[in-house]
1. For Cα Rg over 2.2 N^0.38 Å, one of [x] 0.96; [y] 1.28; [z] 1.16 was computed from the structure I shared and the rest are decoys. Which label?
2. Under 8 Å for C-alpha pairs, at least 6 residues apart: give me the relative contact order for the chain, rounded to a whole percent.
3. Just tell me, in residue order, which DSSP H segments of the chain are both 30 angstrom or longer along the helix axis (alpha-carbon based) and at least 1.0 in mean Kyte-Doolittle hydropathy.
4. In the range 1-122, carbon and sulfur make up what percent of the accessible area (probe 1.4 Å)?
5. Kindly state, as a whole number, the per residue volume in cubic angstrom of the convex hull around the alpha carbon atoms of the range 28-77.
6. Given 5 Å bins starting at zero, what is the percent of C-alpha pairs of the range 88-165 in each, up to the one with the largest pair distance?
7. Run through the DSSP bridge list for the chain and note the antiparallel percent, rounded to the nearest 5.
8. Could you compute the net charge surrounding D160? Neighbours are other residues with a C-beta less than 11 Å from the C-beta of D160; K and R count +1, D and E count -1.
Amino acid sequence: MTLPSTLTVGQVLSRPEEFTVVDVRTPGEYASGHLPGAVNVPLDRITPSLPELRRAAEEKGLLLVCATGARSENAARTLASHGIPSTSLTGGTRSWSAAGHGLDYPAEGRRSVWAMERQVRVTAGSLVLLGLALGLLVHPAFQLLSAGIGAGLVFSALTDTCGMALVLGRLPFNRRR
């Protein structure tokens, strides 16, 4: 099946039976609400899950979902590099909810977890401020912490990857209970 690279909420709603929905957010984010019927395969688990995803893609189209569409597009590129066709939901779960469609929650109940982008922003901002404060109060060399975080953010933007998100995704509150 040939799939477009992205689909809108309306396009998915007109043919939901054609897709296996894969949510690529962290388990904590997934537990805070996901598309009905979605299975959770976090972005950092895409490569180890290639055999299962290949089988799913042979049965139906793979619809990849995250909070806003950025991580699902990244996952779609990874799958494409392994010859697995998939598509990404434009705007992710935010656009799904904004269009008035409900979300499902795990049987153990809803969890409130910040989106990964928000976690990265607060962590990066805190580390920059910490580096500046320590540089002023303790030793100027601590300003290298701020410089390192800034360089990491530039690298992240240029490569469309995020090492900090991978690290934060491994923290206990972002994992299944």
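The values are calculated or read from the model by the stated rules, or taken from the named source; none is laboratory data. Nothing here was measured: the structure is a model prediction, and the numbers come from that model. In this analysis, Cβ positions are derived from the backbone assuming ideal geometry, glycine residues included, and neighbour counts consider all displayed protein chains. Surface accessibility is based on the protein's heavy atoms, side chains included, excluding ligands, DNA and RNA. Shrake-Rupley method; radii C 1.70, N 1.55, O 1.52, S 1.80 Å.
1. The value matching this structure is [z].
2. For the chain, the relative contact order is 25 percent.
3. Flagged H segments are 116-137.
4. Ligands and nucleic acids excluded, carbon and sulfur give 52 percent.
5. Residue-normalised Cα hull volume stands at 84 Å³.
6. 3, 13, 14, 16, 14, 12, 10, 7, 5, 3, 1
7. Taking every DSSP beta bridge within the chain, about 10 percent pair in antiparallel fashion.
8. Result for the local shell: +1.
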